[in-house]
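What follows is a set of notes on a single structure, which appears directly below.
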Amino acid sequence: MKTDRHRRTSAGSRTATALMRVGALGLTGFLAVLIGAPPAAASVPLAPPVADKVRDEQWQLSALHAEAAWRISTGAGVTVAVIDSGVDATHPDLAGQVLGGRDLVDSAGDGYDDEVGHGTTVAALIAGRGDDARGVVGLAPGAKILPVRVLDSRNLYEDDRVVADAVRWSVDHGADVINLSLGGAVDSAALADAIDYAFERDVVVVACTGNTDPEKQNEVWYPAREPGVLAVTGLAHRGDSPLWTGSITGSATVLSAPANDLLGATPGGYWRVEGTSFAAPLVAATAALVRARWPEMSAANVVNRLIKTARDLGPAGRDSSYGFGEVDPVAALTDTVAEVRANPLDNVPPPGKATFSRATGLPAAPLQKSTEKAPFDRNHPDVEVSLPAGLTMVILLMGTSSAILRRRHDWSVQ
């Protein structure tokens, strides 16, 4: 069922419902701003319209020269699996973009239920509709999303085999690219086998490197560090360094992409997000652009093209902070790149059997409201959001963003 696009600017009960849903969650992973229209009693008119403001504030599109890339490819004909918290297929920016999926949390579901908003945000960054000038447009607006839900109402999963099953199901149901905006501390043999299954069937796999946690060893998350996976860290919108300060980096880092101050689609509206969870889909979208332009190109050569055309950052060549550099969609679509016979990242034999240990991120901070400005969580005290006049915005202070695993033995705060 399609949703009337004009309903996105109606705050009312929709905003209240969304806040109750998100505020009640043990949601590890979000720093978000939910945007609605002013309440009925407000005297300040909403100008410009919220949806136009959403489009105008998508700084990642200009940073990645999306308009130039779209003149060459929009990702049409490519399917990107979003293995996440589900995808709201009725969101106006995703109407017609989402294929029938699978729910591995609720056996009666179809992948369309998204209780936390994470998967919807990821999906729209990849394939948000580009048929008008309103709302979130994805970097590959011609691509289709295959939703597979593995994250529960707390934005968690407790068994790596569920994610492994999701990878295999996605491959068997037509995914050309798989996006995994999730991860944990310890390798998983089951997930490694599933990723090898994807590689053997010519699928590109993208995953986020993870977000820093001051209480833990900050190694690049798994499965991002699985050889052959495009491990994506985050870049900042503004700051003294290109690197987003919440990014986990290390020798497994492959590519970088915008990760903070991003406006994303969520069930019932929009919010501002940050995290490597939202950098990864920009790389997945770039892979979709390339696969659409060259449908016969192997996944190995898509991976090679992305790393060979990345815009170098930091020390010359690949480094542990930025990998090969910032993904460059236009260069990936236009540069001459020598062909390869195998994925250049898949140069380590698959791991043996691993005892899987579950990792965790930061507990959610209390819900706070503001009509002017509110600081973000204590780990990023230097970052603030100033609220535009005429907008009702609610700051959800919930740590840095990405879906994570749960460690039974050392995680009790929900």
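The values are calculated or read from the model by the stated rules, or taken from the named source; none is laboratory data. The structure displayed is predicted, hence computed values, not measured ones. Every residue, glycine among them, receives a Cβ derived from its backbone with ideal geometry; neighbour counts consider all protein chains shown.
Limited to region 85-97, what total is found for residues that are under 12 Å from Lys144 (Cα atoms) and surrounded by fewer than 24 Cβ atoms within 10 Å (Cβ to Cβ)?
The qualifying residues number 3.
Mind checking whether some residue in region 167-187 is over 19 Å from Asp84 (Cα atoms) and either of a type in the set (Phe, Trp, Tyr) or crowded, with 24+ Cβ neighbours inside 10 Å (or both)?
no
Can you find, within region 321-347, the residue that is farthest from Thr286 (Cα to Cα) among those that are at pLDDT 95 or above and of a type in the set (S, T, N, Q)?
Ser321
Scan region 252-294 for residues that are farther than 30 Å from Pro344 by Cβ, outside any loop (DSSP other than H, G, I, E, B) and not small (Gly, Ala, Ser) and jot them down.
Result: Leu263, Thr266, Tyr270, Trp271, Arg272, Val273.
List pairs: first in region 165-177 and touching a residue at least 60 places away in the same chain (Cβ under 8 Å) and assigned to a helix (DSSP H, G or I), second of a type in the set (D, E, K, R) and crowded, with 24+ Cβ neighbours inside 10 Å, Cβ under 9 Å, 6+ apart or cross-chain?
Ala166/Arg149
Can you tell me which residues in region 128-140 are under 15 Å from Ala89 (Cα atoms) and either crowded, with 24+ Cβ neighbours inside 10 Å or of a type in the set (A, V, I, L, M, F, W, C) (or both)? Working first, answer last.
At the first step, the residues of region 128-140 found to be under 15 Å from Ala89 (Cα atoms) are 128-129, 135-138.
Once the filter is applied, which keeps residues that are under 15 Å from Ala89 (Cα atoms) and either crowded, with 24+ Cβ neighbours inside 10 Å or of a type in the set (A, V, I, L, M, F, W, C) (or both), region 128-140 yields Gly128, Gly135, Val136, Val137, Gly138.
Using the structure shown, decide if Ala331 is at negative phi, hydrophobic (A, V, I, L, M, F, W, C) and assigned to a helix (DSSP H, G or I).
For Ala331, the condition - at negative phi, hydrophobic (A, V, I, L, M, F, W, C) and assigned to a helix (DSSP H, G or I) - is met.
Among (1) assigned to a loop (DSSP other than H, G, I, E, B); (2) of a type in the set (A, V, I, L, M); (3) surrounded by 19 or more Cβ atoms within 10 Å (Cβ to Cβ), which single condition is Leu146 missing?
Of the numbered conditions (1) assigned to a loop (DSSP other than H, G, I, E, B); (2) of a type in the set (A, V, I, L, M); (3) surrounded by 19 or more Cβ atoms within 10 Å (Cβ to Cβ), the odd one out for Leu146 is (1).
If only one of Gly111, Gly86 is free of Cβ contacts under 8 Å to residues at least 40 places away in the same chain and closer than 26 Å to Tyr222 by Cβ, which one is it?
Gly111
Among Val82, Val116, which is the only one that is buried (at least 24 other Cβ atoms within 10 Å of the Cβ) and part of a strand (DSSP E or B)? Show your work before the answer.
Working: Val116 fails: part of a strand (DSSP E or B).
That would be Val82, the only listed residue that is buried (at least 24 other Cβ atoms within 10 Å of the Cβ) and part of a strand (DSSP E or B).
Failed condition for Gln217, given (1) more than 30 Å from Val136 (Cα to Cα); (2) crowded, with 24+ Cβ neighbours inside 10 Å, with all others met?
All conditions pass for Gln217, except number (2).
I'm trying to understand the selection: among the residues of region 237-251, which are within 14 Å of Glu274 (Cα to Cα), out of contact with any helix residue (DSSP H, G or I) (no Cβ under 6 Å at 6 or more places or on another chain) and in a loop (DSSP other than H, G, I, E, B)?
Initial filter on region 237-251 (within 14 Å of Glu274 (Cα to Cα)): 237-238, 243-248.
Adding the requirement that they be out of contact with any helix residue (DSSP H, G or I) (no Cβ under 6 Å at 6 or more places or on another chain) leaves 238, 243-246, 248.
Scanning region 237-251 gives Arg238, Trp244, Thr245, Gly246, Ile248.
State which residue pairs qualify: first residue within 22 Å of Leu61 (Cβ to Cβ) and in contact (Cβ under 8 Å) with a residue 60 or more places away in the chain and inside region 306-335, second residue assigned to a loop (DSSP other than H, G, I, E, B) and among the basic types (Lys, Arg) in any location, beta carbons under 7 Å apart, and separation of 6 or more residues or different chains.
Phe324/Arg318
Tell me, please, whether a residue that is under 18 Å from Ala285 (Cβ atoms), hydroxyl-bearing (Ser, Thr, Tyr) and part of a strand (DSSP E or B) can be found in region 217-226.
No.
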